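For reference, the structure is listed below as structure tokens.
What follows is calculated from the coordinates using simple rules that are stated; it is not laboratory data. Just so we're clear, the structure is a prediction, and the values are computed from it rather than from any experiment. So basically every Cβ, Gly included, is an ideal-geometry build from the backbone, and we count neighbours across all protein chains shown.
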Amino acid sequence: MKAVLDSSFFFSDCPITGELYTTPSVCDELIDIRSKGRFEMFSAEGLHIMSPSAKSRERVLTAAKKTRDISIISATDCDILALALDLEAVIFTDDFSIQNVAGVLCVQTAPIIQRKAKRIHWKYRCSGCGRYFDHDGECLICGSVIKRKLK
């Protein structure tokens with residue numbers, strides 16, 4: 001089994017076998033001694049570090065716009081999803097936004113510690129006037145904060 005590992009994997013004690021992959025941006029997020037130690041252990045056992053293709057990154061961003069997770073998905077999250085697309089691999093993550101976008105891309109995910117996320121539909125509503133928008137930020141009508149909410 002091919003598996004792409006999110007940063008959260010290296011902060012846990014989750015056992016795993018198979019062809020393991022991660023991205024350079026995940027490596028950059030590993031700052032504490034425990035996660036670096038797990039990373040080194042898996043690297044010694046054959047963990048591959050790869051960058052995804054630009055084409056797959058674009059597909060991820062398009063899917064994140066569709067799920068309205070575009071403002072939540074980080075560059076690292078985008079890389080993980082894109083690499084899973086490139087390799088046709090399973091993503092190991094506890095990040096609900098990654099799981100949400102992965103569902104649209106038909107990328108299989110596996111939870112690490114938490115339960116698997118259900119498909120989430122977001123809406124954006126102004127906290128002042130109550131109007132709905134396609135994005136978060138500042139309301140163009142009344143100037144209040146637009147907040148993300150579950151549909």
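Summary table
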{"item": "Tilt relative to the chain, helix 96-105 - C-alpha long axis, 0 to 90 degrees, to 10", "result": "90 degrees"}
{"item": "Range of Cα positions in region 36-135 per principal axis (Å), largest first", "result": "56, 30, 22"}
{"item": "Antiparallel DSSP beta bridges within the chain, as percent of all bridges there, nearest 5", "result": "45 percent"}
{"item": "Percentage of interatomic Cα-Cα distances in region 47-101 larger than 19 Å", "result": "18 percent"}
{"item": "Sites matching trypsin sites (Lys or Arg not before Pro) across region 50-144 that sit in DSSP coil, with at most 14 neighbouring C-beta atoms within 10 Å", "result": "Arg115, Lys116, Lys118, Arg119, Arg131"}
{"item": "Helix 54-67 vs. the chain, principal-axis angle (Cα, 0 to 90°, nearest 10)", "result": "40 degrees"}
{"item": "For region 1-50, radius of gyration divided by Kirkwood radius, i.e. Rg to Rh on alpha-carbons", "result": "0.90"}
{"item": "Cα-based shape type of region 33-73, given that a ≥ b ≥ c are square roots of the gyration tensor eigenvalues and the cut on a/c is 1.5", "result": "oblate"}
{"item": "Percent RCO, i.e. relative contact order, over the chain, from Cα pairs under 8 Å lying at least 6 residues apart", "result": "21 percent"}
{"item": "Count, lysine Cα pairs under 18 Å in the chain, 8 or more residues apart or across chains", "result": "17"}
{"item": "Sequence ranges 71-82, 14-25, 42-53, ranked by mean other-Cβ count within 10 angstrom, highest first", "result": "71-82, 14-25, 42-53"}
